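Here is the structure we will look at, set down as structure tokens.
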Amino acid sequence: MSIEHITHAGSQLAVILRVGGGEPGTRFVTGPDAPLQLGEINRPAGASIPPHAHNLGVRTITETHEFLHVLSGTLKVDLYGGERAPVATRFLT
């Protein structure tokens, strides 16, 4: 799995995961305090994840997060900064 973090003016605009042939195991690409826990689990068939709990707590959400999973084709994504100035363009497959 390759990971690309796109930031602008100190703000994270996107995290792009390109999955394929990764090492066995579990890897998270977002920090433990991120409102969306994003990662990859690569385990053999029949493997299980031990029972566990997620932290409960009151959270104030001040921004919208979006998750895109491209199943087929190519998606052009344009990312913009705070004043709608173009920052980056990526093609997701």
Averaged per residue, what accessible area in Å² does the chain show with a 1.4 Å probe, protein chains only?
84 Å²
Between Phe91 and Val58, the FRET efficiency computed from the C-beta separation at R0 = 30 Å comes out, to the nearest 0.05, as 0.20
DSSP-loop GluC sites (Glu not before Pro) across segment 1-68, with at most 12 other Cβ within 10 angstrom
Glu63, Glu66
Residues whose modelled amide H sits under 5 Å from the amide H of Thr7, counting only those 5 or more places away in sequence or on another chain, are Leu13
Using all Cα-Cα distances in the chain, what percent lands in each 10 angstrom bin from 0 up to the longest?
11, 38, 35, 14, 2
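Ignoring ligands, DNA and RNA, please state the percent of accessible area on the chain from carbon and sulfur, probe 1.4 Å.
Answer for the chain is 53 percent, counting heavy atoms of protein chains only.
The values are calculated or read from the model by the stated rules, or taken from the named source; none is laboratory data. Bear in mind that the values here come from a model prediction, so they are computed numbers and not experimental data. Here Cβ is always computed from backbone atoms with ideal geometry, including for glycine, and neighbour counts include all displayed protein chains. Ligands, DNA and RNA are excluded from the accessible area calculation, which covers all protein heavy atoms including side chains. Shrake-Rupley method; radii C 1.70, N 1.55, O 1.52, S 1.80 Å.
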